[in-house]
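> Sharing a structure with you now.
The values are calculated or read from the model by the stated rules, or taken from the named source; none is laboratory data. Note that the structure is a prediction, hence the values are computed from the model and not measured. With ideal geometry, Cβ positions are generated from the backbone for all residues, glycine too; neighbour counts draw on all protein chains shown.
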Amino acid sequence: MSILRLFSSRKPAPEPVPTAPIARERLQILLAHERGSTRGKPDLLMQLREEILAVVQRHVTLDPDKVIVRMERGKNVSTLEVDIELPNGSEQAFAATG
Amino acid sequence: MAKVLVVTSGKGGVGKTTSTAAMGAALAQAGQKVVVVDFDVGLRNLDLVLGAERRVVFDLINVVQGIAKLPQALIRDKRLENLWLLPASQTKDKDALTDEGVGRIIDELRGSCDWILCDSPAGIERGAMLAMRYADEAIIVTNPEVSSVRDSDRIIGMLDSKTVRAEKGERVEKHVLIARYDAARAARGEMLTIDDILEILATPLLGIIPESQDVLRASNVGSPVTLNSPSSVAARAYADATKRLLGETVPMLVPTERKGLMNLLRGRRAA
């Protein structure tokens, strides 16, 4: 082995880090979410997104361009981030209805 | 104005999605602004290969149906700020994809990036037709075996007749990308040779991608191979193919078995 290396200009390749466990974990997380949404149960995050936007829309006219929704699905925790830009004057509208 | 490039093949499993991810990333690494669009409704995978699968909020069909605006559905790559993904829908009916809707999205994207890469589903059904419909250029991913070459030939025929360009009497510029090339089997005469494939398909060669562990590792971790192991033979082959796409003349390297002695230099032109 070491004699062979003498003739090789290339350094011995570093032992590659196994990537299959990463692949398995990524698939487990993804499929856990997808099975929920494609087999009858609606996807919780998607449902939350739609209902949150519907509630806000009852009070304020939303500019669809000013709504940013981000999701990050995790193994134990997922996050839903809804960033809504409210037009000026919407607070008065709240006061009037509330 | 962006160029619309469809990555297609007819046959499944030849490396369309891997190649879309690798070349999309390579174009972005070269400073181009790139949007990759997954047309495989119901069986999306480009998000997974790009490592964006946990961040999908809206998809192509949401945009077609007007539920989401295009900028809201685009997912920006975390590593390459020039690379964006428009994912396919996983749950919607694929009939929701309409010619008119796809045309609108392509038009909107054209003004805001340099390249639109359309990752076609396998087959010759609606999704595959719509993926190629608005293409200016096409990459036909082909493996060195008879069924893949036959399907590629069929797809080439469709590119020449069913695209908007073809209907206007213009041509779609076509390139063959040979993927999963196994040097050892080629040396033993078990696979179609590159010359055989090019002669049959009569289409210029864009690159030769070897069958590679590095490609598998890259998709395991959700990172295009040109990013994940840029010095690997496969990544360099994709980077060279990308340069040819950008008009550079790069010598065509035929991947050989890694004995470290020589890589056969072939003087074949890319286009």
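> Any idea which of (1) buried (at least 20 other Cβ atoms within 10 Å of the Cβ); (2) within 19 Å of residue B:248 (Cα to Cα); (3) touching a residue at least 60 places away in the same chain (Cβ under 8 Å) is the one residue B:204 doesn't satisfy?
The one condition residue B:204 does not meet is (1).
> Out of all the residues in segment B:142-171, which are within 13 Å of residue B:8 (Cα to Cα) and hydrophobic (A, V, I, L, M, F, W, C)?
Across segment B:142-171, the qualifying residues are B:149, B:155, B:156, B:158, B:159.
> Give me a count of the residues in segment A:73-90 that are within 11 Å of chain B (Cβ to nearest Cβ), touching a helix residue (DSSP H, G or I) at 6+ places or on another chain (Cβ under 8 Å) and not in a loop (DSSP other than H, G, I, E, B).
Total satisfying the criteria: 2.
> Same structure, new question: Tell me, please, whether a residue that is assigned to a helix (DSSP H, G or I), modelled with pLDDT of 80 or more and surrounded by 10 or more Cβ atoms within 10 Å (Cβ to Cβ) can be found in segment A:57-72.
Yes, the conditions are met somewhere in segment A:57-72.
> Further question: Considering only residues of segment B:193-237 that are acidic (Asp, Glu) and in a helix (DSSP H, G or I), which is nearest to the other protein chains (Cβ to nearest Cβ)?
Once the filter is applied, the top-ranked residue is B:214.
> What's the total number of residues in segment B:41-69 that are within 17 Å of residue B:108 (Cα to Cα) and at the interface with another protein chain (Cβ under 10 Å from one of its Cβ atoms)?
The qualifying residues number 5.
> Residue check: is residue B:51 on the phi > 0 side of the Ramachandran plot and surrounded by fewer than 19 Cβ atoms within 10 Å (Cβ to Cβ)?
Criteria not met by residue B:51.
> Identify all residues within segment B:238-251 that are touching a strand residue (DSSP E or B) at 6+ places or on another chain (Cβ under 8 Å) and either assigned to a loop (DSSP other than H, G, I, E, B) or facing another protein chain (nearest Cβ under 9 Å) (or both); write none if there are none.
Result: B:251, single match.
> Further question: Filtering segment A:40-56 down to residues that are at pLDDT 75 or above and among the charged types (D, E, K, R), which residue is surrounded by the most Cβ atoms within 10 Å (Cβ to Cβ)?
A:49
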